[in-house]
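Below you'll find the structure, written out as structure tokens, and then a few comments.
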């Protein structure tokens, strides 16, 4: 059988130095039916001219303005023909043969809509990386965590999560999705702009009956924080806002009625802790996220595909609270909290 067509698409925004550093690894990919694409998201640096001169074999898509991760990929992928889209951050180093294990897994299991490789830290090669680790989960209050990463705690990789397994969400830093499933779901929610749109999409995919998987036989190393660094108030706002929007879109109303008040209280606690620690920007970012949710609830949510989830399709959900387990019980690892390797 011919190899399925895979398009690796990097969304670039003023990332010339990252492209120069990491594209050579990508060009060494061994997968035989592969197209490499950089979609430029309205960059103001010399990324596009640099690509045409230094990497002429890599195709480019020019977007007229910065549409964020969600809108940028939605627009770019309308112009890409492939069986699988592999959305890759510009600050990711790929390993030899990194595509084949994921395609083999997804070809063998037709119900898998999206999949991620093992994400390790670029700066600490044997440590799981924050953005996705060994595959994403979510707790009862909507806080995302991952095999190998709980809150800020990133584990050393000892092979403890080396089994391919269903998860709740696949990391947007290295996100493989069937093109048919992506377009069936109408892509990412563009209103998210950036951060957690991949979790929302994976949640919607699961509610349709698809599975999301981690494939640790594929390994990549992620720098992280290259576009908006940690501590940036806009990044804080987007993370809080989008997480709340995602809950409002996907949770049943009865659950939402108790989750949102609890989340508002916990968010406020974190915000005031930051305020009294001398970080008013964090406090204001959280406050803005709450106002944004209230405003959107007043307007009403567009809930595409808001059917009830099919029985036993939602995997990677932890019924407890990672905040309680981490801060009160002192449990710091995924295995300690969930009691499973995933």
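All of the numbers you see were taken from the coordinates with simple rules; none came from a lab. Everything numeric in this text was worked out from a predicted model, so none of it was measured. Quick reminder, even Gly has a Cβ in these numbers, built from the backbone with ideal geometry, and neighbours come from all protein chains shown.
One equal scatterer on each Cα of the stretch 23-115, no solvent, Debye formula: the resulting log10 I(q)/I(0) at q = 0.12, 0.25 Å⁻¹ is -0.43, -1.49. The C-alpha atoms of the chain define a longest principal axis, and helix 68-77 lies at about 40 degrees to it. Where both residues lie in the chain, what percent of DSSP beta bridges are antiparallel, nearest 5? For the chain, the DSSP antiparallel bridge percentage is about 45.
Normalised by the number of residues in the chain, the average gap of Cα pairs under 8 Å and 6 or more apart makes the relative contact order 19 percent. Going by neighbour counts of Cβ atoms within 10 Å, the residues 119, 314 line up, fewest first, as 314, 119.
What's the long-distance tail for the stretch 69-135, i.e. % of Cα pairs beyond 17 Å?
On the way: 1191 of 2211 pairs.
Tail of the P(r) past 17 Å holds 54 percent of the pairs.
For the stretch 157-265, go through all pairs of different Cα atoms, get the mean of 1/r, take its inverse, and jot down that Kirkwood value in Å.
Details: mean 1/r = 0.0634 Å⁻¹.
One over the average 1/r among Cα pairs gives 15.8 Å for the stretch 157-265.
Per residue, the chain reaches -11000 deg cm²/dmol at 222 nm when only DSSP H runs of four or more residues are counted, each adding -39500 (n - 2.57).
Going by alpha carbons, how many degrees (0 to 90, nearest 10) lie between the helix axis of 233-250 and the longest principal axis of the chain? Helix 233-250 sits roughly 80 degrees off the main axis of the chain. Sorting 99, 62 by the number of Cβ atoms found within 10 Å of their own Cβ, with the fewest placed first, yields 62, 99.
Among 288, 5, sorting on how many other beta-carbon atoms sit within 10 Å of each Cβ, with the fewest leading, yields 5, 288. Taking Cα atoms only, the orientation of helix 253-276 departs from the longest principal axis of the chain by about 90 degrees.
If you take the alpha carbon atoms of the chain and fit the smallest convex hull around them, that volume is 137 Å³ per residue.
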